[in-house]
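Comments concern the structure below.
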Amino acid sequence: MPEKIEHSIKKLKYSAVLILENGEVFWGYGLGPKRTVIAELCFNTSITGYQEILTDPSYAKQIITFTFPHIGIVGTNINDNESIKPFASACVISEEVSTSSNWRSIKTLDKWFIKNNLPCITNINTRYITKLLVKKGALKAALINFSEINFDINKIVKKIKKWEGLENLDLASQVTTKIKYTTFESKWNHKKNNFDQNFINKETYKIVCIDYGAKRNILRSLCQRNLEIIVVPAKSSFKKIIEFKPYGIFLSNGPGDPFATGKYAVPVIKELIKLNIPIFGICLGHQLLCLSFGAKTKKMYHGHRGANHPVQNLISKKVEITTQNHGFEVIRSSLPKEIKETHISLFDKSNEGVEHIKLPIFSVQYHPESSPGPHDSQYLFNKFHQNIKKYAKKKRY
């Protein structure tokens, strides 16, 4: 159980501490580097996929509490990263890191933490923390891995409260690619223990992905539709994007407040909309697209993060089990008339998807690439591909 600051004592047998902005203190055992991080504390209910979660750029400036107790059971490998490195600030785990047992594992999770400079605290009551976040909403927190206790908890709490938080914070510009590149990774090949490579041919359509923090498995899902994907930095200009003569635009996922990122992203997206070119957005890309049409966004109470979120397709009436990771949402009542709502969350009725009533433009709040998670929503990539093929038939370039 947590301790209030006035009752906290120096627990020399422990090697890490989690301190919340409300003054609660959790002592545990540290893994990874000896350092201090201050970020927003959140929770993820996924049972598997911890490596994909920790390397998802959308988790920048967040400390992830894993609700599943056994983390580390399949170790880590070079293929399951969703980006070049972990972008989560730290993580909180209930039990000691499990011994890895998987034929693909090349490094245990505790060694992976050290290699990637990612602090972690274990032996924590994650059930209590999760229930607290559900009740109180998102909280700022500090995670400290220490060799000796040479810090003042009261001063740490002041630093936590002083931190600006995620609202009005643009993080996409910090996690985006610095240079343009083309990706060819496609389907997973079990026999090769690696991903197949797509090759450009006469049936390949070129698209531009604006990288606000794109996950690799999203790009792979697009590649599987025989698309040539040119990935460009988040702050790329409209002129630069059109120079590639794309047949579609993909707006990626990413971290931070969409309103803050929208200050430079929305003007570009508005110009792209005028071309009537197919556009598909996921997560932050969904929010930015909605902002471009005049809708509004807001911070959620505790967000959606997990691989078991039910979403209803309002057109087909089917229910999809989805993977989600977002702390902001599009305000349903702010959607303009030309934008039709297509999906809603069955947890809290929040918006999960939209499409334009006339143009080949649509987006979803959740993650159809399912990494980790179910495959219910792969049809969205097919829909984008069909829109691109129709657009290409008109020989735009």
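The values are calculated or read from the model by the stated rules, or taken from the named source; none is laboratory data. If you're wondering where the values come from, they're calculated on a predicted model, not measured in any experiment. For neighbour counting, all protein chains shown are included, and Cβ atoms are generated from backbone atoms with ideal geometry for every residue, glycine included.
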Task: Evaluation of residue 326 against (1) touching a residue at least 24 places away in the same chain (Cβ under 8 Å); (2) under 19 Å from the mean Cα position of the chain (by Cα); (3) part of a loop (DSSP other than H, G, I, E, B) (one fails), failing number - done: (3)
Task: Residue ranges of strands (runs of 3 or more DSSP E) in the stretch 154-213 with at least 1 members free of Cβ contacts under 8 Å to residues at least 12 places away in the same chain - done: 185-189, 194-197
TODO: Mind counting the residues in the stretch 270-315 that are of a type in the set (S, T, N, Q), in a helix (DSSP H, G or I) and within 29 Å of residue 51 (Cα to Cα)?
DONE: 1
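Yes/no per residue for (1) β-branched (Val, Ile, Thr); (2) closer than 30 Å to residue 232 by Cα; (3) at pLDDT below 95:
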{"position": "93", "(1), (2), (3)": "yes, no, no"}
{"position": "119", "(1), (2), (3)": "no, no, no"}
{"position": "152", "(1), (2), (3)": "no, no, yes"}
{"position": "181", "(1), (2), (3)": "no, yes, no"}
{"position": "194", "(1), (2), (3)": "no, yes, yes"}
Task: Selection from the stretch 352-371 of residues that are of a type outside the set (Val, Ile, Thr), surrounded by fewer than 19 Cβ atoms within 10 Å (Cβ to Cβ) and not in a strand (DSSP E or B) - done: 358, 359
Task: Sole residue being under 18 Å from residue 109 (Cα atoms), outside the structural domain of residue 306 (by TED's automatic domain parsing), surrounded by fewer than 24 Cβ atoms within 10 Å (Cβ to Cβ) and not aliphatic (A, V, I, L, M), chosen from 45, 55, 65 - done: 55
TODO: Would you point out the residue of the stretch 132-152, among those that are surrounded by 13 or more Cβ atoms within 10 Å (Cβ to Cβ) and among the basic types (Lys, Arg), that is farthest from the chain's Cα centre (by Cα)?
DONE: 136
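Residues are listed down the side, and each one gets a yes or a no for (1) within 23 Å of residue 308 (Cα to Cα); (2) of a type in the set (S, T, N, Q); (3) out of contact with any strand residue (DSSP E or B) (no Cβ under 6 Å at 6 or more places or on another chain):
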| residue | (1), (2), (3) |
| --- | --- |
| 21 | no, no, no |
| 30 | no, no, no |
| 64 | yes, no, no |
| 68 | yes, no, yes |
| 73 | yes, no, yes |
| 82 | yes, no, yes |
| 85 | no, no, yes |
| 89 | no, yes, no |
| 95 | yes, no, yes |
Open item on the list: I'd like to verify a number: residues in the stretch 373-397 that are within 17 Å of the chain's Cα centre (by Cα) and crowded, with 19+ Cβ neighbours inside 10 Å, how many?
Closed with: 2
- [ ] Could you grab the pairs with beta carbons closer than 9 Å, sequence gap of 6+ or different chains, first residue in the stretch 381-395 and touching a residue at least 24 places away in the same chain (Cβ under 8 Å), second one surrounded by 12 or more Cβ atoms within 10 Å (Cβ to Cβ) and of a type in the set (S, T, N, Q)?
- [x] 381/221; 381/224; 385/226; 391/276
